[in-house]
Amino acid sequence: MFTYFMLTKEIEAKRNGLKPLKMNLSPKSRNIITKLSGLFAIDSFAGGFVLQSIVSLWFFTKFGADLATLSYVFSIGGVLTAFSFIVAAKIADRIGLVDTMVFTHIPSNVLLILVGLAPTLPLAIGFYLARMALSQRDVPARQAYIVAVVDEDERTTAAGITNISRNIAQSLSPTATGYILQSFSYLAAPFIIRGLLKIIYDVSLYFNFRNTKPQDGEI
């Protein structure tokens, strides 16, 4: 984080014929990026409640899943996640960036809650893999939206600010997860908290930005 603050304009490549990049945002862009940063911080904070280590612990503790089973589950989940990036672009072309972020993310978070509530290992694995197939479809749309709602010469600054907010927020939630697990011994709690917080983020994002169009006029 501190490295970002030490950087100067000299790090930017020379842009012949183009406007120089802005280190400060315009009032309009600042308002948009401030709201987005706050919402992305909620999303990232929620994401830190269920890291892969927590998923492994949950599968092992609740269902006694062995290492071989977990390796297959995470390998397949990784492949599904990779394909979700590709599908995201096609969905965004059809329904727009904001709708892609929201309406692919909400089902993903419902599935994550169901993972924590699943009564059997096959159901838990099914919910988890279905969730992984949806979980990252909002990422390309989010990155595209950030740079599309500000001027071209503000994109680097906008991306940097939103990334900082996400990284700081995500660093806090694993501590909260450890406290919850130690205090309440309810392994499903991180799944439920993460899912609910992310759904709150999705709904807030939709109602705040459904009418905020990118600079090219497309949603």
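The values are calculated or read from the model by the stated rules, or taken from the named source; none is laboratory data. Worth saying up front: this structure is predicted, and the values here are computed from it rather than measured. No Cβ is skipped: glycine too gets one built from the backbone with ideal geometry, and neighbour counts run over all protein chains shown. What goes into the accessible areas is simple: the full protein's heavy atoms, side chains included, and nothing from ligands, DNA or RNA. Shrake-Rupley method; radii C 1.70, N 1.55, O 1.52, S 1.80 Å.
Before moving on, here are some points about what is shown:
- Working note: Karplus 6.51/-1.76/1.60 with θ = phi - 60° gives the range 50-63 the couplings 10, 8, 4, 5, 5, 4, 4, 4, 5, 4, 6, 6, 7, 10 Hz, where Gly and Pro are set to x.
- Helix axis angle, 67-95 relative to the chain longest principal axis, alpha carbon, degrees: 40 degrees
- Highest GNM mean-square fluctuation among LEU197, LEU57, LEU134, for the chain modelled with Cα contacts below 10 Å: LEU57.
- Within the accessible surface of the range 176-216, defined with a 1.4 Å probe on protein heavy atoms only, the carbon and sulfur portion equals 58 percent.
- Here the simple spin-label model places points 7 Å from the Cα toward Cβ, and for ILE200 and LEU57 these points are separated by 2.2 nm.
- Taken along the Cα-to-beta-carbon direction at a fixed 7 Å, the label points for ALA82 and LEU172 span 3.5 nm.
- A crude spin-label estimate for the pair PHE74 and ARG94, with each label 7 Å from Cα along the Cβ direction, gives 3.3 nm.
- Once you reduce the range 150-219 and the range 33-111 to the center of their Cα atoms, the two points are 12 Å from each other.
- For the chain, a/c is not less than 1.5, where a ≥ b ≥ c are the root eigenvalues of the C-alpha gyration tensor, and a/b tops b/c. That puts it in the prolate class.
- Cα long-axis angle, helix 155-184 against the chain (0 to 90 degrees, to the nearest 10): 20 degrees
- For the range 81-197: rounded, prolate or oblate by the Cα gyration tensor [a/c cutoff 1.5]: oblate
- By accessible area, using a 1.4 Å probe on protein heavy atoms only, the range 23-109 has 68% of its surface on carbon and sulfur.
- Computed from Cα positions, the angle between helix 189-209 and the longest principal axis of the chain comes to roughly 30 degrees.
- Value of relative contact order over the chain, rounded to a whole percent, pairs C-alpha under 8 Å and six or more apart: 36 percent
- For the chain, the per residue solvent-accessible surface stands at 54 Å², with DNA, RNA and ligands left out and a 1.4 Å probe.
- Per-residue packing, averaged as other Cβ atoms within 10 Å, sorts the ranges 32-45, 148-161 into the order 32-45, 148-161, beginning with the highest.
- For the range 134-141, putting each phi into the Karplus relation 6.51 cos²θ - 1.76 cosθ + 1.60 with θ = phi - 60° gives couplings of 10, 4, 9, 5, 7, 5, x, 5 Hz, in residue order, rounded to whole numbers and with x for Gly and Pro.
- Result for the chain in a Gaussian network model with C-alpha springs under 10 Å: among ARG194, ARG166, ARG94, the largest mean-square fluctuation is at ARG94.
- Rounded, prolate or oblate (a/c below 1.5 giving rounded, otherwise prolate when a/b exceeds b/c) for the range 41-84 by Cα gyration tensor: oblate
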